[in-house]
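Below is one structure, written out as structure tokens; the observations come after it.
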Amino acid sequence: MEYEGQICRAPMERASFMLPVVVGCAYNRCKFCDLFKHLKYRELPLEQIEEELKRVRDIGGNPRRVFLGDGSAFTLSVEKLLAVLDLIHQYFPGCESVNMDATVSSILNKTPKELKTLYENGVRHLYIGIESGLDDVLRFMDKDHGLLEAYEAASQLNRAGLIFDAHIMTGVAGKGRGIENAKALAEFFNRTRPKHVVNFSMFLHRKLALYREIQAGNFAPADELENLKEERYLIGHLEAQDGIIYDGFHDFLEFRVRGRLPEDREKMLGKLDGVIETNVGQGVYAYIG
């Protein structure tokens, strides 16, 4: 596979065939992210996409799941997405699900009828960076949406039959605001009902725009102990009427908590209690780079 940049996809897509359709991220302004800062966003031509599909088909590939890369494939126009979907089904007749990353704005830029048409042509999962349940935090981090827009996007996806998985970051609200953020996220998820919630607890890379905000005194980071307590509160308050798969990454602490709510709630909380007790008084910050 020819791929420009670093491969980035949700952990649930690790077994999917990854098909590049764009390079980089169309938005690329979030203060906490540098995954695509070195790339100039562009759409790949259909001819190149078809060549990749043909290459895989000719060596016997017929994947059931396809993930469209890179960072914001759902930004593509409905016409371009439908053309890509047509090619996928032409070359991979066994494909049952086409999934990709999306932003709230890229969802709201499509009509309810267009979302339904994409579902009817095989799109199933969208992965959305919700990040925080607090409007002022979303504004500060330069996200492409506010909370009301996130509610509307989730509602439109649910009506179209599309599944959305939410990405969040404990620590994104800063020092002393973890529980406040967890309360807002729990309310959001209890109303919008994502299938998965994936927590990539915040890392503070020294190359990030957010790090410069820290240096300027505009953002006080939470330590990993507060992040763990924020995560515990969120897991404890997700109602999960339809069941939610939760996956929390804390690579800096070599810790991960995952399970299905509500049935695994007590086991997950117990695991968190153990690592919280171990880290009391540590004051560890997740700085890298």
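Values for this structure:
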| item | result |
| --- | --- |
| Exclusive hit being crowded, with 20+ Cβ neighbours inside 10 Å and not in a helix (DSSP H, G or I), set Asn218, Asn227, Asn199 | Asn199 |
| Those residues of the stretch 236-254 which are touching a Phe, Trp or Tyr at 6+ places or on another chain (Cβ under 9 Å), part of a loop (DSSP other than H, G, I, E, B) and open to solvent by 90 Å² or more (accessible area, probe 1.4 Å), in sequence order | Glu239 |
| Breaking point among (1) in contact with a strand residue (DSSP E or B) (Cβ under 9 Å, 6 or more places away or on another chain); (2) surrounded by 18 or more Cβ atoms within 10 Å (Cβ to Cβ); (3) modelled with pLDDT of 95 or more, for Phe140 | (1) |
| Inter-residue pairs, beta-carbon under 9 Å, first under 28 Å from Asp242 (Cβ atoms) and in the stretch 195-206, second charged (D, E, K, R) and part of a loop (DSSP other than H, G, I, E, B), 6+ apart | Lys195/Asp242 |
| Residue, nearest to His145 (Cα to Cα), within the stretch 76-102, restricted to residues that are in contact with a strand residue (DSSP E or B) (Cβ under 7 Å, 6 or more places away or on another chain) and polar (S, T, N, Q) | Asn99 |
| Leading residue by the ranking (modelled with the highest pLDDT) among those in the stretch 12-58 that are open to solvent by 30 Å² or more (accessible area, probe 1.4 Å) and aliphatic (A, V, I, L, M) | Leu46 |
| Cβ pairs under 9 Å, 6+ apart, first in the stretch 113-131 and among the small types (Gly, Ala, Ser), second open to solvent by 60 Å² or more (accessible area, probe 1.4 Å) | Gly122/His89; Gly122/Glu96 |
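The values are calculated or read from the model by the stated rules, or taken from the named source; none is laboratory data. Quantities reported herein were computed from a predicted structural model and do not represent experimental measurements. Cβ coordinates were reconstructed from backbone atoms using ideal geometry, including for glycine residues, and neighbour counts include every protein chain displayed. Note: accessible area is taken over every heavy atom of the protein model, side chains too, but ligands, DNA and RNA are not part of it. Shrake-Rupley method; radii C 1.70, N 1.55, O 1.52, S 1.80 Å.
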